[in-house]
């Protein structure tokens with residue numbers, strides 16, 4: 001994998017996000033239209049194509065029934081990619097296919113993440129900022145500067161909100177099942193005790 005920028009560099013960029021990125025609501029147009037325009041500009045700058053009618057339809061279809069949080073998260077990802085490091089990277093190697101690689105993430109790939117975390121978490125929380133920056137580098141097949149593939153994978157796994165949510169859900173389900181088993185055992189013990197008393 002190619003070495004990318006330091007995580008600290010991208011996190012600092014995210015800390016400096018302007019109000020237009022920090023706010024979930026957008027003036028004028030709907031969140032979806034504003035987000036689509038931002039994605040279209042990003043793709044064009046990174047060697048992709050401006051949205052045509054078919055592309056826009058694909059974007060809205062894959063993000064169907066999206067709430068404002070998902071569109072806000074997409075705008076956060078676009079802001080990360082609008083950093084000068086990525087522009088320089090593309091200019092040095094137009095074959096890097098930044099637009100192609102990031103498209104699956106933006107065209108539906110953030111749905112699950114948006115369901116478990118608010119976009120604001122990735123702007124205001126230190127671990128949230130690191131997680132979203134690492135997620136962007138992963139889809140671009142870039143390693144954070146100074147990290148091995150194993151180190152980057154381990155750190156991402158430790159931060160992954162989707163995996164955390166799944167683990168919490170699994171743990172709660174196991175606890176619920178254990179409680180049901182304990183209740184069933186207690187019921188049977190009570191029935192056996194009552195049966196024993198009636199025989200005596």
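The values are calculated or read from the model by the stated rules, or taken from the named source; none is laboratory data. Remember, predicted model here, so these are calculated numbers, not experimental data. Every residue, glycine as well, gets a Cβ built from its backbone with ideal geometry; the counts of neighbours run over all protein chains shown.
Is it the case that the range 105-112 has a residue that's free of Cβ contacts under 8 Å to residues at least 40 places away in the same chain, outside any helix (DSSP H, G or I) and under 17 Å from the mean Cα position of the chain (by Cα)? First the steps, then the outcome.
Within the range 105-112, the subset free of Cβ contacts under 8 Å to residues at least 40 places away in the same chain is 105, 109.
Keeping just the survivors that are outside any helix (DSSP H, G or I) gives none.
No, because not a single residue in the range 105-112 is free of Cβ contacts under 8 Å to residues at least 40 places away in the same chain, outside any helix (DSSP H, G or I) and under 17 Å from the mean Cα position of the chain (by Cα).
Please enumerate the residues belonging to the range 1-16 that are crowded, with 17+ Cβ neighbours inside 10 Å and not in a helix (DSSP H, G or I).
Scanning the range 1-16 gives 4, 5.
With (1) in a helix (DSSP H, G or I); (2) surrounded by 15 or more Cβ atoms within 10 Å (Cβ to Cβ) as the list, and residue 44 as the residue in question, which single condition is left unmet?
So residue 44 meets the others, but not (2).
For residues that are in a helix (DSSP H, G or I), in contact (Cβ under 8 Å) with a residue 40 or more places away in the chain and farther than 12 Å from residue 47 by Cα, tally how many sit in the range 60-101.
Total meeting the criteria: 15.
Which numbered condition trips up residue 62, out of (1) closer than 22 Å to residue 123 by Cβ; (2) at pLDDT below 90; (3) surrounded by fewer than 17 Cβ atoms within 10 Å (Cβ to Cβ)?
Tallying (1) closer than 22 Å to residue 123 by Cβ; (2) at pLDDT below 90; (3) surrounded by fewer than 17 Cβ atoms within 10 Å (Cβ to Cβ), residue 62 fails exactly one: (1).
Could you say which residue among 138, 182 is assigned to a helix (DSSP H, G or I) and either out of contact with any helix residue (DSSP H, G or I) (no Cβ under 9 Å at 6 or more places or on another chain) or more than 25 Å from residue 44 (Cα to Cα) (or both)? Spell out the reasoning first.
Working: 138 fails: either out of contact with any helix residue (DSSP H, G or I) (no Cβ under 9 Å at 6 or more places or on another chain) or more than 25 Å from residue 44 (Cα to Cα) (or both).
Result of the check over 138, 182: 182.
Since residue 166 meets every condition but one in (1) touching a helix residue (DSSP H, G or I) at 6+ places or on another chain (Cβ under 9 Å); (2) modelled with pLDDT of 80 or more, which condition does it not meet?
(2)
With respect to the numbered conditions (1) touching a helix residue (DSSP H, G or I) at 6+ places or on another chain (Cβ under 7 Å); (2) buried (at least 18 other Cβ atoms within 10 Å of the Cβ); (3) free of Cβ contacts under 8 Å to residues at least 24 places away in the same chain, which one is the sole condition not fulfilled by residue 56?
Of the numbered conditions (1) touching a helix residue (DSSP H, G or I) at 6+ places or on another chain (Cβ under 7 Å); (2) buried (at least 18 other Cβ atoms within 10 Å of the Cβ); (3) free of Cβ contacts under 8 Å to residues at least 24 places away in the same chain, the odd one out for residue 56 is (2).
So which residues in the range 113-123 are farther than 15 Å from residue 80 by Cβ and assigned to a helix (DSSP H, G or I), if there are any at all?
Listed by number, the residues that qualify are 114, 115, 116.
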